[in-house]
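Below: one structure, written as structure tokens.
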Amino acid sequence: MAPIAPEPAHPGRTRLRSWARLPDEQLLGLRFRDLKVSLRSPRLRRGIARLNEELAAAGLAFRPHYWLADEWFSPDGVPGIAIPFYLAHPRLRALEWRMMREVEGGNANWLMRILRHEAGHALDSAFRLRRRRRWREVFGPASLPYPDSYRPRPGSRRYVQHLGAWYAQSHPTEDFAETFAVWLKGPQWRHTYREWPALAKLEYVDELMRELRGQAPVVRRRARIEPISGDQRTLGEHYRARLLRQARGRARLLDEALRRTFTPVRKSARAVRAATFMRRVKTPMRRALALRLDVSEYLVHQVMRLVIQRAGELGLYLRTAQRPARHHVERLLLRIARLHLDGSAGRHML
């Protein structure tokens, strides 16, 4: 799904907080717990209310509980939904956009898609559905290792398509959550999937939900896992970790780009190490790249740290004199930064 830019704050709807006017670099220095945000955002209230209405219309007595965390998730065994902190305030959505170039759940349609998906996970926990033999026959064993990435089959019709990136193919529990989300949205699934093998999964979910109508959940834990209200990390630490995880997934491409730009051969005693040269030029180059890409200097700084560190590990040297090398380094950093920005939407795939 294409990333979207968040809307600006509206003074009539959102109370302006003391940190909302801070520039990105200062905002990144705040701790999660100091944000004091909540689920009272009008956008979140509407989304949660709509999800609860859809569950009620389906005859289900189950309602998940909600809390703010650093990302979307529904923990195994906890029938609730963690919602990412940035959806609680327009300024935080803007920061998320600047740092990651996407805002998961950033508009009403995308928000509802994710809420329905996470509700499937929460429902699975509430009624321990994965323990049922028929559930395992339809979706597979939930005990399978959860992959860090997966290689989907785009042409397969054995899975519904809901969140994008063929996410139902990643794991049996995601297959169920995606199938439940499509079922919950409305009866149009019968027409949309009428010639797909995935229809059998939807019909099983329909049968299962009829059985669960009006039933109280078996698991009623109201635990909140990793809430931001007690999180001592700064926003900068959070985004640094996310960017590094993103970078590790692109390590091969990074190494290839570095080896095309630099050389492992030290041609003379005066040859300059690539890492040393990049450290010298990083400050003015960081500002120029941030302006060119329209992103935070912090994001460019993290990309540059990664590139410098990896160039040192590979033992690379400049291929040319320092003046033309500056142009080559700028092109390299621009390419790597764009790789990080443009690749965010496909992060679940190899």
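The values are calculated or read from the model by the stated rules, or taken from the named source; none is laboratory data. Computed from a predicted structure; not experimentally measured. As a convention, Cβ positions derive from the backbone with ideal geometry for all residues, glycine included, and neighbour counts pool all protein chains shown.
A few comments on the model shown:
- Residue pairs whose Cβ atoms lie under 8 Å apart, separated by 6 or more positions or on different chains, with the first residue in segment 262-280 and among the β-branched types (Val, Ile, Thr) and the second surrounded by 13 or more Cβ atoms within 10 Å (Cβ to Cβ), are THR263/LEU316; THR263/TYR317; THR263/LEU318; THR263/ARG319; VAL265/TYR317; VAL272/TYR317; VAL272/LEU318; VAL272/ALA325.
- For segment 113-144, filtered to residues that are part of a loop (DSSP other than H, G, I, E, B) and among the aliphatic types (A, V, I, L, M), the residue that is surrounded by the fewest Cβ atoms within 10 Å (Cβ to Cβ) is LEU144.
- Search result, residues across segment 46-94 that are part of a helix (DSSP H, G or I) and small (Gly, Ala, Ser): GLY47, ALA49, ALA56, ALA57, ALA88, ALA94
- Filter pass, ARG190 being basic (Lys, Arg), in the same structural domain as PRO84 (by TED's automatic domain parsing), in contact with a Leu (Cβ under 9 Å, 6 or more places away or on another chain) and assigned to a helix (DSSP H, G or I): yes
- Residues being in contact with a strand residue (DSSP E or B) (Cβ under 8 Å, 6 or more places away or on another chain) and of a type in the set (A, V, I, L, M) - total across segment 263-304: 4
- Boolean, GLY155 is more than 19 Å from GLY59 (Cβ to Cβ), within 20 Å of the chain's Cα centre (by Cα) and in a loop (DSSP other than H, G, I, E, B): no
- GLU102 surrounded by 18 or more Cβ atoms within 10 Å (Cβ to Cβ) and among the acidic types (Asp, Glu): yes
- Residue count for segment 200-223 under the criterion of being in a loop (DSSP other than H, G, I, E, B) and among the charged types (D, E, K, R): the result is 4.
- Where a residue in segment 205-216 is in contact (Cβ under 8 Å) with a residue 60 or more places away in the chain and surrounded by fewer than 15 Cβ atoms within 10 Å (Cβ to Cβ) and its partner, wherever it lies, is part of a helix (DSSP H, G or I) and not β-branched (Val, Ile, Thr), with Cβ under 9 Å and at least six apart: GLN215/PHE127
- Condition check for ARG270 on (1) in a helix (DSSP H, G or I); (2) within 22 Å of ALA321 (Cβ to Cβ); (3) not aliphatic (A, V, I, L, M): one failure, at (1).
- For beta carbons closer than 8 Å, sequence separation of 6+ or different chains, a first residue in segment 305-322 that is in contact (Cβ under 8 Å) with a residue 24 or more places away in the chain and under 16 Å from LEU253 (Cβ atoms) and a second that is among the acidic types (Asp, Glu) and assigned to a helix (DSSP H, G or I), the qualifying pairs are ARG310/ASP255; LEU314/ASP255.
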